[in-house]
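Encoded as structure tokens, the structure appears first; notes follow it.
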Amino acid sequence: MHHPFEARQISAWIEPSRADRAMRILSDPRLAPTRIGCDDPRIRRRLADRFGAEPFDDLRQLAVATHETLWIDRSAPLGEPDREALEQEDIAIIAGAYELPFLLAIPQCETAPSFRRMQTGRALQSICETFGRVAVFQAAVAVPNEFHLAEGLRVAAAAALTVLGPIDEVTAFGVHDGAITASLIGQRGLGTLAVGAGADATSFTIVGDGGLATVASALVAWRRRDGSWVEETRIEFDGDEPTIQTILEAERPTTTRSARQMAGQMVGQMVARSIDDGHRRMRLRIAALADTIRLSARTAHSESVEAMLRSFDVDPVELVPRDD
């Protein structure tokens with residue numbers, strides 16, 4: 001069992017444009033990068049020298065050499081050889097890029113940051129369980145700089161899906177000065193998202209039968225329609241960057257190809273598979289929503305999340321939450 005004060009050994013494959021971000025994340029004392037790969041030889045050498053890690057110029061070789069966790073921070077979809085190599089390895093794969101083509105290429109991956117592991121995310125989920133009908137949902141996510149906008153969009157998308165349920169039609173209002181805003185039509189209500197650079201904070205607001213509830217980076221405030229308070233508490237700041245937290249909590253996949261072919265699995269393994277399948281469906285829904293918002297920003301028209309999924313031969317119905 002891994003000791004909580006022992007640095008977690010990981011491997012990392014870094015896209016050249018994300019080198020500075022990778023340097024900051026991998027410098028966390030709880031991580032011990034032992035193998036680092038990159039297409040750019042200069043960046044590969046700089047990262048490897050900085051962490052005393054073994055350099056790799058091939059993602060497939062890096063996957064084979066990895067024992068536990070591989071962090072892949074790139075935005076481009078994987079090629080078929082890379083995909084096959086990652087599917088064969090029984091390792092925890094963390095995708096720093098969350099675009100839909102990327103996630104479809106690695107079925108057993110986790111994504112980061114993970115909304116369900118954020119303090120604000122857990123608080124919002126708890127309120128939704130008893131809030132009742134939602135009329136309007138608003139999400140505002142501020143990230144430190146423009147390089148984190150994609151991560152902020154994913155957090156906002158995950159929050160919207162948590163509150164509004166399945167979402168199809170989205171309308172983005174373009175990208176301006178490092179910010180993106182969009183309106184959504186969900187199964188349970190309407191929503192607006194705003195993601196911008198300049199700070200490091202989140203704020204979610206729900207209006208509906210339950211009254212008015214606000215979840216921010218440091219507080220939870222929920223007031224009924226009659227004016228009485230349901231809750232008004234301060235929550236601990238998330239502290240750890242969600243990317244790091246996800247890496248630290250990664251576990252070996254429970255549903256690799258070889259495992260699925262084995263007969264007579266124990267009930268505990270079946271439960272683990274069920275949870276993993278549910279998380280995978282949610283990861284794909286989040287990625288599809290974020291990708292559709294970006295598409296709408298480019299086309300200046302409303303776009304369909306379901307159409308985005310079907311373009312990748314994914315049945316939207318298969319991703320709808322269900323009791324497993």
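The values are calculated or read from the model by the stated rules, or taken from the named source; none is laboratory data. The model shown is predicted, which means the values in this text are computed figures rather than measured ones. Here Cβ is always computed from backbone atoms with ideal geometry, including for glycine, and neighbour counts include all displayed protein chains.
Taking each residue of the stretch 23-48 that is at negative phi and looking for partners that are hydroxyl-bearing (S, T, Y) and at pLDDT below 95 with beta-carbon atoms closer than 6 Å, six or more apart or interchain, yields I25/T243.
Quick one: is V163 closer than 19 Å to V215 by Cα and touching a residue at least 24 places away in the same chain (Cβ under 8 Å)?
On the way: closer than 19 Å to V215 by Cα: yes; touching a residue at least 24 places away in the same chain (Cβ under 8 Å): yes.
The answer is yes for V163.
Quick check on the stretch 89-125: of everything there that is hydroxyl-bearing (S, T, Y) and in contact with a strand residue (DSSP E or B) (Cβ under 9 Å, 6 or more places away or on another chain), which residue is modelled with the lowest pLDDT?
Initially, the stretch 89-125 is screened for residues hydroxyl-bearing (S, T, Y), giving 98, 111, 114, 120.
This time we only want the ones that are in contact with a strand residue (DSSP E or B) (Cβ under 9 Å, 6 or more places away or on another chain), so: 98, 111, 120.
Working: Y98: 82, T111: 85, T120: 89.
Here the residue is Y98.
If you check A157 against the conditions, is it crowded, with 21+ Cβ neighbours inside 10 Å and part of a strand (DSSP E or B)? It is false that A157 is crowded, with 21+ Cβ neighbours inside 10 Å and part of a strand (DSSP E or B).
Just for strands (runs of 3 or more DSSP E) wholly inside the stretch 1-102: which have at least 2 residues that are within 25 Å of A157 (Cα to Cα)?
Details: elements: 8-14, 31-37, 54-56, 69-73, 92-95.
Where strands (runs of 3 or more DSSP E) fall fully within the stretch 1-102 and carry at least 2 residues being within 25 Å of A157 (Cα to Cα), they are 69-73, 92-95.
Working carefully through the options A123, A150, A194, find the one that is of a type outside the set (F, W, Y), closer than 16 Å to I286 by Cα and touching a residue at least 60 places away in the same chain (Cβ under 8 Å). Walk me through how you get there before you give the answer.
On the way: A123 fails: closer than 16 Å to I286 by Cα; A194 fails: touching a residue at least 60 places away in the same chain (Cβ under 8 Å).
Unique residue meeting the criteria: A150.
Every residue, every condition in (1) buried (at least 21 other Cβ atoms within 10 Å of the Cβ); (2) more than 20 Å from the chain's Cα centre (by Cα), yes or no:
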site	(1), (2)
F51	no, yes
R60	no, yes
V64	no, yes
L70	yes, no
P77	no, no
A85	no, yes
L103	yes, no
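Taken over the stretch 160-179, the criterion of being buried (at least 23 other Cβ atoms within 10 Å of the Cβ) and small (G, A, S) is satisfied by A160, A172. Selection of first residues in the stretch 267-290 that are within 26 Å of D168 (Cβ to Cβ) and of second residues that are at pLDDT 50 or above and acidic (D, E), restricted to Cβ pairs under 7 Å at least 6 apart or on distinct chains, gives the following pairs, ordered by first then second residue: A287/E99. Just checking, does the stretch 190-207 include any residue being assigned to a strand (DSSP E or B) and on the phi > 0 side of the Ramachandran plot? Checked against the condition, which is being assigned to a strand (DSSP E or B) and on the phi > 0 side of the Ramachandran plot, the stretch 190-207 yields no hits at all. From the list A158, A216, A135, A142, the lone residue that is over 23 Å from M308 (Cβ atoms), small (G, A, S) and touching a Phe, Trp or Tyr at 6+ places or on another chain (Cβ under 8 Å) is A216.
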